[in-house]
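A short worksheet on the structure shown next.
The values are calculated or read from the model by the stated rules, or taken from the named source; none is laboratory data. Just so you know, these numbers come straight off a predicted model, no measurement behind them. A quick note on method: Cβ atoms are made from the backbone with ideal geometry, for glycine too, and the neighbour counts reach across all protein chains shown. Protein only, heavy atoms only, side chains kept; ligands, DNA and RNA dropped before computing areas. Shrake-Rupley method; radii C 1.70, N 1.55, O 1.52, S 1.80 Å.
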Amino acid sequence: MATRLKRLERWASLSRRGFSTSCDEQKLQQSGKNVNLFSAINQALHIALETDPRAYVFGEDVSFGGVFRCTTGLADRFGKNRVFNTPLCEQIVNEAAKFRYRSGNQFNCGGLTIRSPYGAVGHGGHYHSQSPEAFFCHVPGIKVVIPRSPQQAKGLLLACIRDPNPIVFFEPKWLYRLAVEEVPEHDYVLPLSQAEVIRPGSDITLVGWGAQLSVMEQACVDAEKDGISCELIDLRTLIPWDKETVEASVRKTGRLLVSHEAPVTGGFGAEISASIVERCFLRLEAPVARICGLDTPFPLVFEPFYMPTKNKILDAIKSTVNY
């Protein structure tokens, strides 16, 4: 846990180096202040409720702010008719995902966005540190989005809320308070299903999402000291994912490494690997590498052994490049 905290505490320095923002999004930093991820989520929800009278927030504990305080102040400002508690058993898979299809495209779910915390948190153990994104990626009709930073979280969440399709929006627990960067206070959206190259490179392509991007960034920095140029891509939207951006990068580098916290077997990294092998088989210089969680329940005291750490990624980068 201490090792995980130490490497993630470097987030602030990564943000100052422009880790979170591409050239096309520099304008977002013109007006804003430094906030953490849960505050950016809160800003996005305030904007959504303020700009659209059809918007509602409902779920477990949202009326008093939620466990992570992401909905703080919403019920007081917009009333309990628009911000209210409900049980956890919303029918996501059998109803929301199929509603548009079943109606012959006559109806949709009214912009349903399901927010959920996910991932390691340093002390969550086998119940509260899981990464279930692959479950929902296997349900046709649902989009899956995961941000890596406060600025990304606000823009992507607003884009999700305004999309007519049902979307599961996973929020990395590690980053709720640890990730801090400048976030514009005004209303803005970031494109869905568009990956972002956050670090250009020429020797190997790295693909990830959520909190894992900061760990992968550190591995890229260390690899550069050994003369290895890594191209790092944030997928941002897992379903439908941006195959074209990843394919273009792999055709250039000839190598691919995918990393996520979820167990390796059946993880979304397997889908990325299979798709890229189909598209880029003759361009690959080495087998696709996957550095992921283990095929066990998420442990508590052994979390450092379970997690796809910087050193594990760095070793895989070197072995893939030297294959």
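Specify the residue that is farthest from PHE169 (Cα to Cα); the eligible residues are those in the range 232-257 that are among the acidic types (Asp, Glu) and surrounded by fewer than 23 Cβ atoms within 10 Å (Cβ to Cβ).
GLU247
Give, as residue ranges, the helices (runs of 4 or more DSSP H) completely inside the range 251-323 that count at least 3 residues that are modelled with pLDDT of 95 or more and touching a strand residue (DSSP E or B) at 6+ places or on another chain (Cβ under 8 Å).
On the way: elements: 268-280, 303-306, 310-321.
Here the list reads 268-280, 310-321.
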Practice problem: Determine which single condition VAL207 fails, assuming it passes every other condition in (1) open to solvent by less than 10 Å² (accessible area, probe 1.4 Å); (2) part of a helix (DSSP H, G or I); (3) among the β-branched types (Val, Ile, Thr). | Solution: (2)
Self-check item: All positions within the range 72-111 that are in contact with a strand residue (DSSP E or B) (Cβ under 6 Å, 6 or more places away or on another chain) and under 25 Å from TRP174 (Cα atoms)
Solution: LEU74
Practice problem: Could you tell me whether any residue of the range 223-231 is of a type outside the set (A, V, I, L, M, F, W, C), open to solvent by less than 10 Å² (accessible area, probe 1.4 Å) and either within 28 Å of VAL121 (Cβ to Cβ) or not in a strand (DSSP E or B) (or both)? | Solution: no
Self-check item: The lone exception for THR51 - which of (1) touching a Gly at 6+ places or on another chain (Cβ under 9 Å); (2) within 21 Å of ALA159 (Cβ to Cβ) it fails
Solution: (1)
Exercise. With respect to TRP174, determine if the residue is touching a residue at least 24 places away in the same chain (Cβ under 8 Å) and outside the structural domain of VAL288 (by TED's automatic domain parsing).
Key: yes
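In contact (Cβ under 8 Å) with a residue 60 or more places away in the chain and in the same structural domain as GLN212 (by TED's automatic domain parsing) - does that describe any residue in the range 280-289?
No; the residues of the range 280-289 include none that is in contact (Cβ under 8 Å) with a residue 60 or more places away in the chain and in the same structural domain as GLN212 (by TED's automatic domain parsing).
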Quiz item: If we scan the range 212-227, do we find a residue that is basic (Lys, Arg) and modelled with pLDDT of 95 or more?
Solution: yes
Quiz item: Restricting to the range 139-180, what's the tally of residues that are open to solvent by 10 Å² or more (accessible area, probe 1.4 Å), under 29 Å from GLY122 (Cα atoms) and not in a helix (DSSP H, G or I)?
Solution: 4
Quiz item: Taking the range 99-134 as the search range and keeping residues that are in a helix (DSSP H, G or I) and modelled with pLDDT under 95, which one is nearest to THR265 (Cα to Cα)?
Solution: HIS126
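This table checks each residue for (1) assigned to a helix (DSSP H, G or I); (2) at pLDDT 95 or above.
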| position | (1), (2) |
| --- | --- |
| LYS6 | yes, no |
| SER20 | no, no |
| HIS46 | yes, yes |
| ARG77 | yes, yes |
| PRO87 | no, no |
